[in-house]
Structures are given as structure tokens and as C-alpha cells.
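The values are calculated or read from the model by the stated rules, or taken from the named source; none is laboratory data. These numbers were taken from a predicted model, which means no experiment stands behind them. Here Cβ is always computed from backbone atoms with ideal geometry, including for glycine, and neighbour counts include all displayed protein chains.
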Amino acid sequence: MKKLLAIIILCLGSLTASAQQKEITVEGVGVTKKIEATGNETIKVEGTNNKVTIIGACNAIKVEGVDNVVTVDDVKSISVEGTGNKVNYKKTSAADGKVTTAVAGVNNKITKI
């Protein structure tokens with residue numbers, strides 16, 4: 001009985017953890033999208049010439065592709081791969097006050113606005 005209870009608790013714990021982290025993916029060519037974020041999302045933008053506006057706070061932004069533009073109110077981590085991608089952020093709610101960044105490719109920019 002104790003073993004069954006332990007298994008149930010572990011399963012419920014993993015369901016709760018996965019429910020807290022949400023991944024939203026925007027992919028394609030020339031997609032324009034507005035996303036309302038609540039703070040626990042990872043938002044992925046993949047493709048070419050996409051324009052994404054994120055209202056609110058998100059945990060992370062991952063951009064892969066060419067000439068994508070992402071604007072966000074509040075983000076903790078930004079990674080960009082490809083060519084000519086731009087991520088503009090207004091602020092970060094990271095504990096140390098700094099956005100964690102990773103950039104690979106050519107002419108990619110992360111800018112605080």
C-alpha cells in the first residue's frame with residue numbers, strides 16, 4: 001500500500017511540474033503572431049521572416065532561422081541561432097537582473113529597448 005501511494009505521489013508531482021512549464025512554438029514563413037505569456041512559457045520561433053510579439057513575462061525565448069523579429073515585455077533567457085534574427089526585450093525578472101543569452105550565427109541581435 002505504501003509503495004502504491006509513493007508511485008501515485010510521484011506521478012502527480014511530475015504532472016504538476018509539466019503543467020507549470022509550457023512550450024509554445026511559432027513556425028513558418030512570414031507568420032505574424034501575438035502571444036500572451038504568464039511567466040512559465042518557453043517560446044520557440046522557427047522559420048523565416050516571422051514577427052512575434054509577446055505580451056507579459058516568459059521564461060525563455062528560442063529563435064532559429066532567418067530574419068525573425070521577436071519583441072517581449074519580460075524574459076529570463078534568450079537563445080538565437082541563424083542569420084539576421086532580432087530579439088527586443090523591455091526587462092527581465094531574472095533573479096540577478098540579467099538576461100541569459102546565447103547567440104550563434106551571423107547578424108543576430110538581442111537588444112534591451
If I filter the range 102-111 for residues that are hydroxyl-bearing (S, T, Y) and surrounded by 14 or more Cβ atoms within 10 Å (Cβ to Cβ), do I get at least one hit? no
Pairs, please: C-beta under 9 Å, at least 6 apart or cross-chain, first residue touching a residue at least 60 places away in the same chain (Cβ under 8 Å) and closer than 14 Å to N40 by Cα and in the range 69-84, second surrounded by fewer than 19 Cβ atoms within 10 Å (Cβ to Cβ) and charged (D, E, K, R)? none
Enumerate the pairs (first residue in the range 89-113 and on the phi > 0 side of the Ramachandran plot; second residue anywhere and at pLDDT 95 or above and in a loop (DSSP other than H, G, I, E, B)) with beta-carbon separation below 7 Å, excluding pairs fewer than 6 apart on the same chain, so at least 6 apart or on different chains. N107/G84
